[in-house]
Each structure stands twice: as C-alpha cells, then as structure tokens.
Amino acid sequence: MSDDEEVQDAGFDDWLDAAEDGEAYYLECPEGHGSLPPRRVCPDCGATDLDERELPDTGEIETFTVTHVPTPAFEDDAPYATAIANFGPVRVTGQVVGIDLETIENGLEVTIDVAVSETTDERVVAFEPAEQ
Amino acid sequence: MSNVRVAGTGLTPFGNTPERTSRDLFAEATVAAFEDSGVPREDVEALFYGNFMGELSEHQGHQGPLMAEAAGVQAPATRYEAACASSGTAVRDAVVRIRNGEADVVLVGGAERMTNLGTAGATEALAIAADDLWEVRAGMTFPGAYALMAQAYFEEFGGEHEDLAHIAVKNHENALNNEKAQYQSAIDVEDVLEAPQVSSPLGLYDSCPISDGAAALVLTSEEYAEDHDLDAPVAITGTGQGGDRLALHDRDHLARSPAAREAGEEAYADAGVSAADVDLAEVHDCFTIAEVLALEALDIEQVGEGISAAREGRTTADGETPINLSGGLKAKGHPVGATGASQIAEVTKLLAGDHPNSEHVPDATTGVAHNAGGTVASATVHVLEEVGR
C-alpha cells in the first residue's frame, strides 16, 4: 500500500483497467487451471504458457463478512462487506457494493466491478448484485 | 531418527507493554530458558529466531544478530518469518539441524512487539500476511479472513456463533492460573455473544488480543543431554510443515486447512504416533474458528465435528483431549513471532508436570503443538513426548 501513486503494479493494475472496461479476465494454462495475474507460471502445474481468457460474467458468493474494525486504509469505508465469489475457473475476493449489507447471503449472484475506497481513493475490486 | 530434547524454556509475560523493545523481551525469555536448561551460553551453535512485523513496529530489519547479542550468544543467527508461524518454522529447522548432526545445542524462539502500533496499526501490520494485491487491497483484514472461513464452515457443516463462544470461554478458563497469560479472567458465553463485532460472525472475544512478548527454548541433541546429565524429560519426536496458496480464495476448500493436515501427518509419522495417541495439544486459536480447523486438520476431531468439541466438553481441561491448557492465543496472548515457540514451552511443561495445569493431565505422555501462519498458508506441527527424567 505504500507504493508511490504514480507507480503501477503491472499485471494487477492492468487487470483493474480491464475490469473497469467490463473486460475482466483470468489466466488459463493448457491443463485448464485458472489463476489471477500477475503470473508467469501456473501455480497448479507449473505450465508457463498462460493465456488470458474472459472471466464469466457472473460469480456466486461463497462466503462473506462485514468488517467493523478495518485497517487504516479503509477507516472511512467501515462497516463494509468482503466476500469471496466463485466465477468458475477462479475465485476472487472483493467488496460487496450496491446492496444493503444485511441482505447479503451465500449464493448471491454478482458481477465484477471496480469501486473506489472512501478513505484513500484507491481502486478496490468490488462485486455488485447481478441483475435478475 | 534421534530425538531432540527440550532442555530449557523461557517466556516473558504476554501482554500490553508497548514501551518494551523486542530485544529486551527476547533477552528476558532467553535468560529464563538458559537458567531452566543448565546449558552454558557458549555451547550454543546457532540461533533461529522468529519475528513477523519488526520492520513495521520497530523499524528493525536484520534481527538475527541483534537477538543473538541480546541473548549473550556468540553464534550465527537467522531470522525466520512465516507470519504467525514464524517461530514454529524456526523450531522445525532447529530440530532438523540437531538431528542431522550439524549442531548439538540450538537456541530457538521468537518475539513480537505489537501494542505500540495501536489497534489500527497492528491490524494493518497483521494484514500484510495476506496477499496484498488481491486480498488486502479489497479491504480484507485478518479477523475478516477468519470470518470468511467461519462463515464458509457454518455453510458447509453447520454450527453457530454460540459453538465458537464455548472455545473462547474454555481458553479463558484455562488461563486463569497461567501467570504469563495476558487475560487471567473468566468470561461466559453471553460475554462472547454480546461483545462488539469485529468482522461478522466474529466478535471481540472470538479474537486473540494484540500482544507483546517473547519465548525461548534451548534444544539439544539426545547425546548432549545425556553427556551433560541435563534434566530434560521431554523430547520433540516429530516435526512437520505444510504450505498452501497464499490467498484464501485460491484454496481448494475455504473451511479446511490442508497445510496443517500435511504438517500433522508428517509430524505424526515422524514420531510414530497417531492422533489417537495425543493426550493434549496447544493449537493456533488466533480466532475461535481457527481452533476448530486445527483440531480437524490434526484428526483430533472428525471434519465437520470440531465445532462442537468445546461445547460438548471433549476439549476442556477435564475432557478427553484438553486443548490449549495454557489459555491458547485467545487468553494467553499472541505476540506473533513468539507464539510457535511458546506453544512448545507450554506442551513441555504440561508433559513434565511443571505446568499449573499439569494436574488435569497427570498421565499425559504425548502432546502436540500446532502453529499456523496467515490463513494457514504456512503450518508447522510438532509432537512432543515425555521420555523420562
């Protein structure tokens, strides 16, 4: 978190850029293992030829929590919900936005979004309830 | 495989001493460990030292030599960092070093200064054990990570917050007469359920405190212990370590800890014991749910049943397998880098009959120490056995 604002994290910030454009992706090896960037080697099998593949539009919340005691970087955001959503080839951790925190539940269908921290203005991987 | 004797143990009180430097804390623990061991400092051939957040809390890197100096030991020293399993990994490598004949005496331990950071600062420092890009930047804290695991556990196996509350109550009860413990006060289930939420479903009393403290062990080869007529009745007979993907979302399973299972299986096989032989254990209960996952990984409880162990009395002081008779991280405190070594110290004293809670386990001969880092991306398990005075 202490990186100079000017300096990007190659791979990660590129992914956020793509997600902002509705083009979130994951990396796939020839064996079909999915992973998230930045990555040169498949963590499951060691394959080095990884291709970008389009992330499925919706994922399903597998578990979530509402955090009341945050790190200083999220001081003004709390309470906020963090969830792990399963998109099939990969799971992603993100903040659940656009929903009453009380109504979040396992199995909720979500889409990837990029929100902005109220505390730091930094970009945050987010989930929004999918339109039914 | 020759055994490694625990010749001496030393602990500082765990608690809230923000002004004390980690070099001062570690020095105190080593003075106690050397006194307990009867081993002269000049016989130490290496120091393995665990510490997690020294750069953040004390602006101090390169702590190995600093801590050797603090201990009055002139030997090469290396710092081990594996988040909350830092000194568990240090103990493991010390055991391996002695077993392979490269050393007869190793000083091992760890220290952490945390409370000077305040709650928000310590929360931030602990969070760096997670994946910075994919977890921390999404706002995940450590209580948050374990809350995600707890929620996933409830979803898959059932259980409720009240089950977890019984773990906190048990561990506070166990710490009542542990003079080194941060909390020597009883709590009840209502206290846990009504405490402020940290990260749902976990509240303040599901979480271990932020602690300062240190632990040290003098480990020797069996030959050294015999040649020097040491009073060292407990041996480390099994060691194991497991690893996993760093980010919780990359695990095969969100409500299990396979790295700890791997470490446990390796340690049991190494010692030639099975889970059924375990008389007591100190497990890494940084949050109440973590004790459940630990017991299941160690096969002390079946998968999906660990949630009820404390509530049904199987793991209480007078239960079948008492767990965390020291009070655990929950009540004894969790100075991160010291925890793994402190667990070995507690199990040693329990088996030797030198612990305030030894009266609950008069016939115990086999104990286990389970130390976990992050959301259990690192885990070490050690088997200790009473080999006699």
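The values are calculated or read from the model by the stated rules, or taken from the named source; none is laboratory data. Only a predicted model underlies this, so the values are computations on that prediction, with no experimental measurement involved. Here Cβ is always computed from backbone atoms with ideal geometry, including for glycine, and neighbour counts include all displayed protein chains.
Taking the numbered list (1) buried (at least 24 other Cβ atoms within 10 Å of the Cβ); (2) closer than 25 Å to residue B:127 by Cα in turn, residue B:192 passes all entries but (1). The residue of region B:296-323 that is surrounded by the most Cβ atoms within 10 Å (Cβ to Cβ), among those that are under 20 Å from residue B:273 (Cβ atoms) and polar (S, T, N, Q), is B:315. In region B:229-269, the residue that is surrounded by the fewest Cβ atoms within 10 Å (Cβ to Cβ) out of those that are in a loop (DSSP other than H, G, I, E, B) and more than 14 Å from chain A (Cβ to nearest Cβ) is B:229.
Each residue in region B:122-135 was checked for being more than 7 Å from chain A (Cβ to nearest Cβ) and part of a helix (DSSP H, G or I), and 3 of them qualify. Considering A:72, A:79, the condition of being under 28 Å from residue B:198 (Cα atoms), over 18 Å from the mean Cα position of the chain (by Cα) and facing chain B (nearest Cβ under 8 Å) is satisfied by A:72 alone.
Taken over region A:106-132, the criterion of being hydrophobic (A, V, I, L, M, F, W, C), at the interface with chain B (Cβ under 10 Å from one of its Cβ atoms) and touching a residue at least 40 places away in the same chain (Cβ under 8 Å) is satisfied by A:125, A:127.
Anything in region B:270-284 that is buried (at least 19 other Cβ atoms within 10 Å of the Cβ) and either under 17 Å from residue B:160 (Cα atoms) or of a type outside the set (D, E, K, R) (or both)? List them, or say none. Those that are buried (at least 19 other Cβ atoms within 10 Å of the Cβ) and either under 17 Å from residue B:160 (Cα atoms) or of a type outside the set (D, E, K, R) (or both): B:271, B:278, B:280, B:281, B:283, B:284. Comparison of B:232, B:152, B:175, B:186 shows that the only residue that is over 30 Å from residue A:121 (Cβ atoms), among the hydrophobic types (A, V, I, L, M, F, W, C) and in contact with a Leu (Cβ under 6 Å, 6 or more places away or on another chain) is B:152.
Quick check, is residue B:17 within 30 Å of residue B:264 (Cβ to Cβ) and either free of Cβ contacts under 8 Å to residues at least 24 places away in the same chain or surrounded by fewer than 24 Cβ atoms within 10 Å (Cβ to Cβ) (or both)? Here the answer is no, as residue B:17 does not meet what is asked. Give B:333, B:374, B:340 a once-over and let me know the one that is surrounded by 21 or more Cβ atoms within 10 Å (Cβ to Cβ), in contact with a Pro (Cβ under 9 Å, 6 or more places away or on another chain) and within 18 Å of residue B:110 (Cβ to Cβ). Criteria check complete, one pass: B:333.
Report whether or not residue B:102 is over 16 Å from the mean Cα position of the chain (by Cα), outside any loop (DSSP other than H, G, I, E, B) and either more than 13 Å from chain A (Cβ to nearest Cβ) or not polar (S, T, N, Q) (or both). Judged against the criteria, residue B:102 is not a match. The set of residues in region A:23-37 that are more than 10 Å from chain B (Cβ to nearest Cβ) and assigned to a loop (DSSP other than H, G, I, E, B) comprises A:23, A:24, A:29, A:30, A:31, A:32, A:33. Just one of the numbered conditions (1) β-branched (Val, Ile, Thr); (2) more than 19 Å from residue B:140 (Cα to Cα); (3) more than 14 Å from every other protein chain (Cβ to nearest Cβ) is not true of residue A:103: (3). Applying the condition of being away from chain B (no Cβ under 11 Å) and surrounded by 14 or more Cβ atoms within 10 Å (Cβ to Cβ) to region A:54-67 and asking which residue is nearest to residue A:112 (Cα to Cα) yields A:58. Highlighted here are the helices (runs of 4 or more DSSP H) found entirely within region B:142-226 that include at least 1 residues which are over 24 Å from residue B:57 (Cβ atoms) and either within 14 Å of chain A (Cβ to nearest Cβ) or modelled with pLDDT under 95 (or both): B:142-157, B:161-174.
With respect to the conditions (1) surrounded by fewer than 16 Cβ atoms within 10 Å (Cβ to Cβ); (2) in contact with a strand residue (DSSP E or B) (Cβ under 7 Å, 6 or more places away or on another chain), residue A:111 lacks only one, and its number is (1).
Candidates B:56, B:126, B:133, B:107: the one that is surrounded by fewer than 23 Cβ atoms within 10 Å (Cβ to Cβ) and in contact (Cβ under 8 Å) with a residue 40 or more places away in the chain is B:56.
Of the helices (runs of 4 or more DSSP H) that lie entirely inside region B:286-386, those containing 2 or more residues that are over 30 Å from residue B:200 (Cβ atoms) and touching a Leu at 6+ places or on another chain (Cβ under 6 Å) span B:336-352.
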